[in-house]
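Q: Here it is: the structure, laid out below.
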Amino acid sequence: MGKRIIQQARGKGSSTYRVRRQAFKYKLQYPKKLTGEGTVIKLLDSSGHFAPLAKIKYSEGIFYIPAFRNMVEGQKINFSLNDKKEIKDGDILKLKDIPVKTTIYCVESIPGDGGKFIKTGGSRAEVSRIIGNKVHVVMPSKQEKAFNSDCRAIIGEVAGNGRLEKPVVKAGKKHHIKKAKSKLWPRTSALKMNAIDHPFGSGRGKNPKSKIAKRNAPPGAKVGHIRPRRTGKKK
């Protein structure tokens, strides 16, 4: 009888694949209602995130966001346009109030959710154009995405640029990086496994039968081609 394949084992949630909760104790989103201004009281390093974090204090309490480039402790950030209509890095504003060509990050998916997009170290987006109640933003992938004009974003670029430029060098270091974020590493190729461990296992032939998995298939069945548009050799 075959064993559970890796996707099934991870889905079960055993201690081998369980998330280390301590690494994700900071919730990175700003509150639904923000007025006035806030103060950066501390910059933090979190093993569960790719960017340094900022602890912000405002009139109603405290929240955490990814730090922006050149952020310093004690810095003031605004939550709305001031009388001079000036904006600076760190301000949390609605997209409709942000000028075109401005660099932004931590963009809300729907108004009030606290920021879902662009939170990785060194990433940023740019306001492209405003059409009606939609604001088009050029994402880090260079693709343009339309957002509700009432969605908020943070001005600036996420700190931690150049994270991938330094080589890892040792397998042990890579092990600790992945373990901190509960990522599966190293990933073994299915073709290298034994027949008992995976449908593609054993060394008898390196051309496995094409297996078409549905897009909504459970983890144990999501193996092979994931809802391909077409199969077979192109003529």
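Q: Before rounding to the nearest 500, sum -39500 (n - 2.57) across all DSSP H runs of length at least 4 in the chain and divide by the residue total; then give [θ] at 222 nm in deg cm²/dmol.
A: Here the helix-only value at 222 nm equals -2000 deg cm²/dmol.
Q: Any idea which of 169, 189, 111 is furthest toward the positive side of the dipole for the chain, if Lys and Arg beta-carbons carry +1 and Asp and Glu beta-carbons -1?
A: 189
Q: Given the options 133, 70, 216, which has the most mean-square fluctuation in a GNM of the chain, springs set between C-alpha atoms less than 10 angstrom apart?
A: Answer for the Gaussian network model of the chain: 216.
Q: Give, as a single signed number, the net charge of other residues whose beta carbon lies under 12 Å from the beta carbon of residue 72, with Lys and Arg counted +1 and Asp and Glu -1.
A: For residues surrounding residue 72, the net value is +1.
Q: Follow-up question, since we're still on this one. Please give me, ordered by residue number, the GluC sites (Glu not before Pro) of the stretch 34-131 that lie in loop per DSSP and have at most 13 other Cβ atoms within 10 Å.
A: The qualifying sites are 60, 73, 86.
Q: I would also like to ask the following. Placing +1 at every Lys and Arg Cβ and -1 at every Asp and Glu Cβ, with all other atoms neutral, what dipole size does the stretch 21-155 have around its Cα centre, in debye to the nearest 20?
A: Once rounded to the nearest 20, the dipole reads 240 debye.
Q: Under a Cβ-Cβ cut-off of 13 Å, what is the net charge of the residues other than residue 103 that fall near it, where Lys and Arg count +1 and Asp and Glu count -1?
A: Every neighbour counted, the sum reads 0.
Q: Gaussian network model of the chain, Cα springs within a sub-10 Å range: biggest mean-square fluctuation belongs to which of 47, 14, 80?
A: 14
Q: Let me ask you something else. Could you check which residue among 204, 129, 152 shows the biggest mean-square fluctuation in a GNM of the chain with a 10 Å Cα cutoff?
A: Fluctuation is largest for 204.
Q: Then there's this: Using the Cα gyration tensor of the chain, with a ≥ b ≥ c the square roots of its eigenvalues, what is the shape: rounded (a/c below 1.5), prolate (a/b larger than b/c) or oblate (neither)?
A: Prolate, because a/c is 1.5 or more and a/b exceeds b/c.
Q: A follow-up question, please. Compute the acute angle (0 to 90°) between the alpha-carbon long axis of helix 171-180 and the principal axis of greatest extent of the alpha-carbon atoms of the chain; round to the nearest 10°.
A: Value to nearest ten degrees: 60.
Q: Okay, moving on. Hey, got the dipole for the chain? About the Cα centre, +1 on K and R Cβ, -1 on D and E Cβ, debye to the nearest 20?
A: Around 2140 debye, computed over the chain.
Q: Another question, then. If you rank 135, 169 by fewest surrounding Cβ atoms within 10 Å, what's the result?
A: By the 10 Å Cβ count, ascending, the order reads 169, 135.
Q: Another question, then. Evaluate the relative contact order of the stretch 21-155 (contact order divided by residue number), counting alpha-carbon pairs under 8 angstrom at least 6 apart; express in whole percent.
A: Rounded, it is 22 percent for the stretch 21-155.
Q: Rounded, prolate or oblate: pick one for the stretch 73-157, where a ≥ b ≥ c are the square roots of the eigenvalues of its C-alpha gyration tensor, a/c under 1.5 means rounded, and failing that, prolate if a/b is larger than b/c, else oblate.
A: oblate
Read-outs throughout are calculated quantities, based only on the coordinates presented, and are distinct from any laboratory measurement. These figures come from a predicted structure and were not determined experimentally. Neighbour counts run over all protein chains shown; Cβ positions are idealised from the backbone, glycine included.
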